[in-house]
Structures are given as C-alpha cells and as structure tokens.
Amino acid sequence: MTRTFDTIILGAGAAGLFCGARAGERGQSVQVLDHAAKPAEKVRISGGGRCNFTNIHTRPANFICENPHFAKSALARYTPWDFCDRVARHGLTWTEKTLGQLFCDQRSGAIIKLLMDEFEAAGGTLTLSTTIGAVTHADSQFVVETSAGAYTARNLVVATGGLSIPKMGASAFAYDLARQFDHAIVPTRPALVPFTFSGQLKESFADLSGVACPVDAKAERGPDFHEAMLFTHRGLSGPAMLQVSSYWRETEAVEIDLLPGQSVADLLADAKAAAPKQALSTWLGGLFPARLAQQIAAWPSIPATKQLANLSKQDITAIADALGHWKIVPTGTEGWRTAEVTAGGVDTDGLSSKSMESKTVPGLYFIGECVDVTGWLGGYNFQWAWASAAACAGALA
Ligand SMILES: Cc1cc2nc3c(=O)[nH]c(=O)nc-3n(C[C@H](O)[C@H](O)[C@H](O)COP(=O)(O)OP(=O)(O)OC[C@H]3O[C@@H](n4cnc5c(N)ncnc54)[C@H](O)[C@@H]3O)c2cc1C
C-alpha cells in the first residue's frame, strides 16, 4: 500500500518537526519519517538538558558556509524573536546566559513538547522506528521506500541532520541522497569539538585537567573567540576551543592569548612598581590557576626566577609573546563521537537561499544541519534549524 502526501519530511529532529508544523498550518498533508524510536533526541541533550534554543545576537557572520551570503535570507525572515514568541505562547520561559544564549527554564523536554504539539495540531503524521530505503523521483512525485511500506509526495524535505554523535542515529543519509540527485557536498568535518594532543603537550594538559581560564583564541582562518578554555585529559576543550575547532583544519596551529584584553608590558610595569623584588614565577601565580602558572614558569621563554626589576626589554617582549601568542598544533579532535555539529554538508550552490529547494530537482529541499551552514556555539544551530525550516515550509507548493 502506498500512502500519498503533499510533503514527506525525512528526519524528526528540530528542523524536520518545525518544518512539518509550518507546512501543516499552510494546509499541506505532511508525513515525517525517522529511524529513531523518539523524535528530536538532539534537542533533548542540547544545552546540557536545557536547550539553548536560540541566540538573540544571531547574525549571518555567526555561521560558517562556503557562501557567506547563503543564510542571510532565511535568518532575516525568521528571527530569534519569532521563536521566542512561540516559546512564550506555550507558557515557557527562558534565561539568557552569556553572549545572548537563551536557555529554556523548563528544560529541553518542553521544547520537544512544543515541537510535537504544534506538529500534531497542524495535522502532521509522524512515523518513527522506520528504516528508509530507496528514494526515486518520476513524474513530479517522490517515492520513498521504507520498512513500513512506500510513501509518495510531490515534495521531499531532507532533514536528517549531520554526522555528529553516531550512537544517537546520526547518518550520512542526507549527503548520499544529495549525491544521488547530483548535488555537490562540501567535505564534512566534526565541529564544536574538543581538541586532542599527543606527546609532551598531551601529558602537560592531562596534568592540568579541570583547570579553566578565559582566553582569546583563534584558528588560522577564523575569528577571535573570547571565552573560557578548559584543559582535559586528552587536550583542550571549553567554549573557546569548541568555537575554534569549527574553523580549524588538520596540521594548522591554534593561537591563544592567555591574558585577553590586557597588555603584558603594562601589567609587568605595574607589578614592578609595586613589588620590584617579586620573582616572575610569583607574578604568574597571581594571574593564573596555580598548576597552570607552574607550567608556564617552566616554558623556555619565561625567565621564571628573575626579579621583576631585572627583566630586560627582550625578556618582556618574550613573555608578552609567549602569553599573548601561544601557538600550538592539535593532533586532532575528539571526532564525531562528541562533536556537537557537522561542518560542511549539502553545497548551498545547488539550493535556493529563499526556499532551500534544489535548483535542479523541483520539490526536493534540504534543511537544518545537513546543509553546509554551521552555527557557532550558543544557540545558533537551532536558530538555523528553525529559520531554514520556516523558509522551506513557506515555499512548499
Ligand atoms: C550534545 C549536543 C548539544 C547541542 N546543544 C545545542 C544547543 O544547546 N543549541 C544549539 O543551537 N544547538 C545545539 N546542538 C546542535 C543541534 O542539536 C543541531 O544543530 C540540531 O539538532 C540540528 O537539527 P536537525 O533537525 O537538522 O538535525 P537533527 O536534530 O540531528 O535531526 C535529524 C533527525 O534525522 C534522523 N535521521 C538521521 N539519519 C536518518 C536516516 N538514515 N533515516 C531516518 N532518519 C534519520 C535522526 O534520527 C534525527 O531524528 C547540540 C548538539 C549536540 C550533539
């Protein structure tokens, strides 16, 4: 038996459910299919269980994409405040944490309930635990073969997300389907992911495991991120490093300013005026957590035992360089196992920025994380899920 709908959506995550609700409200009959046993599991674990559902400072510059203009239209037409209005209409409240990040006070389950309530109210049908097989397109109809039989529709929306966290059911489905319809894929890589190191650096970072400090950090081709860095048993994590990881490529260095916004020369001049006999190592101990200060004191460019009064101009330049431009080359990242998102994906060159529709296959749409649009840490990825889903739903014929 083949069931026919206006629109089939593959993937019952943030983007798929949101798109389904908006399409249903426009009078479309909608079938969402997913291989998982429960919908929107990534929403559940997001934001440490509180779902950082948007960021009020969302700008196109907060997204990584081969075409930096692609996300502009969808983001402008569905803003963080549009989603906040929806959250408020459901009687939910939020708290703004740092940097415009909005977290749901009622926890992430309440956001899933919002998505499901709206989807069901709009008349959508959700079928879970379904393996998706062959997808074909003929006579302006898509046919989706599944373990629960065949479905047909004139619109097919692919919202199966990226590759991060395979144990939660992440799959390459969207990329394979895109290739099947001759769409290009921007090479994928784990993003928002901790860095790993080997050898001496790994050992010294393991000794510092649990130590956190504010830094300015950047990859060779990315912007500066002023956030916290955390030392771990395997390397470096914390928001600053997760952000940098999205821009990092293998063998490239990461540059870290351990005293962000401060001039080492000025700090040393003030300290020297107050306590000229103080050893440089003692000064470091006043600036950094003890274990980190100890390690920095052992760096070759740091004359740790010298008194502040005896530091030469060259010493001060070397100290400023070591603390302000600490360059290290990660061995790799923790990979898909812990990456919060996938950078790369369905090439936006083949998609309409207004509707997310394929430029070559009418009725085929890609939304959410499977598209080559990757948000920074802090609610941007859900904002892209909502905005791309709304753009698509508004265009479905
Ligand atoms: C630990 C963690 C925390 C996060 N926290 C935040 C946060 O606080 N704020 C934020 O903005 N972003 C956060 N993210 C990122 C965010 O979760 C994703 O960007 C977002 O969920 C993407 O939505 P999506 O609908 O495109 O894909 P997904 O939410 O991944 O949904 C894809 C759906 O497709 C289904 N699927 C996949 N393959 C198949 C297949 N072959 N057949 C059938 N179904 C399939 C999956 O089961 C899933 O239900 C976090 C991610 C992780 C991993």
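Using a Förster radius of 45 Å, what is the FRET efficiency between His69 and Lys277 based on their Cβ-Cβ separation? Nearest 0.05, please.
That gives a FRET efficiency of 0.15.
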* To do: Mind putting a number on the dipole of region 194-333 about its Cα centre? Charges go on the C-beta only, +1 for Lys and Arg and -1 for Asp and Glu, and I need it in Debye to the nearest 20.
  => 320
* Structure fact -> The helix 108-121 Cα axis meets the longest alpha-carbon principal axis of the chain at an angle in degrees, between 0 and 90 and rounded to 10, of 20
* Gain in span if fully extended, Lys113 to Asp224, counting 0.36 nm per residue against the direct Cα distance -> 36.3 nm
* Find how many whole Å separate the alpha carbon centroid of region 188-244 from the alpha carbon centroid of region 324-397. => 23
* Can you list residues whose amide H is under 5 Å from Glu357's amide H, if they're 5+ apart or on another chain and H is modeled 1.01 Å from N? -> Ser352
* Structure fact -> Expected vector for region 89-103, Karplus 3J(HN,Hα) from phi with 6.51, -1.76, 1.60 and θ = phi - 60°, integer Hz, x for Gly and Pro, equals 4, 8, x, 9, 10, 9, 10, 7, 8, 5, 6, x, 7, 9, 10
* Asked: Total Lys pairs in region 194-333 closer than 22 Å by alpha-carbon, pairs eight or more apart in sequence or interchain only?
  -> 8
* Exactly which trypsin sites (Lys or Arg not before Pro) in region 257-324 are in a DSSP loop and have at most 13 other Cβ atoms within 10 Å? -> Lys277
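Region 209-349: Rg/Rh from Cα coordinates, Kirkwood Rh?
1.05
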* Asked: Once both axes come from the Cα atoms, what is the angle between helix 14-25 and the longest principal axis of the chain, in degrees from 0 to 90, rounded to 10?
  -> 40
* **Under 5 Å, built H, 5+ apart or other chain: amide partners of Thr54** => Leu102
* Residues whose placed amide H lies under 5 Å from that of Ser164, excluding near-sequence neighbours -> Thr342
* **Of all DSSP beta bridges in the chain, antiparallel share, percent nearest 5** => 70
* Structure fact -> Given unit charges at Cβ for Lys, Arg (+) and Asp, Glu (-), the dipole magnitude of the chain about its Cα centre in debye, nearest 20, is 500
* Asked: HN-Hα J couplings of region 67-81 from phi, Karplus 6.51/-1.76/1.60, θ = phi - 60°, integer Hz, Gly and Pro as x?
  -> 10, x, 8, 4, 6, 4, 5, 5, 5, 6, 8, 9, 9, x, 5
* DSSP-loop GluC sites (Glu not before Pro) across region 1-106, with at most 16 other Cβ within 10 angstrom -> Glu66
* Which lysines does Lys38 reach when only Cα atoms under 23 Å apart count, and residues fewer than 8 places away in its own chain are ignored? -> Lys113, Lys167
* Can you check what the Kirkwood hydrodynamic radius comes to for the chain, Cα pairs only, in Å to one decimal? => 22.7
* Efficiency of FRET between Ser301 and Arg77 - r from beta-carbon atoms, R0 45 angstrom, step 0.05 -> 0.30
* Asked: So what are the ³J(HN,Hα) numbers for region 379-393, from phi and the Karplus equation (6.51, -1.76, 1.60; θ = phi - 60°), rounded to whole Hz, Gly and Pro as x?
  -> x, 5, 5, 5, 4, 5, 4, 5, 5, 5, 5, 5, 4, 5, 4
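Any read-out appearing in this document is the output of simple, stated calculations on the displayed coordinates, not a laboratory observation. Here the structure is a predicted model, which means the values were calculated and not measured. All Cβ positions, even for glycine, are placed from backbone atoms using ideal geometry, and neighbour counts span all protein chains on display.
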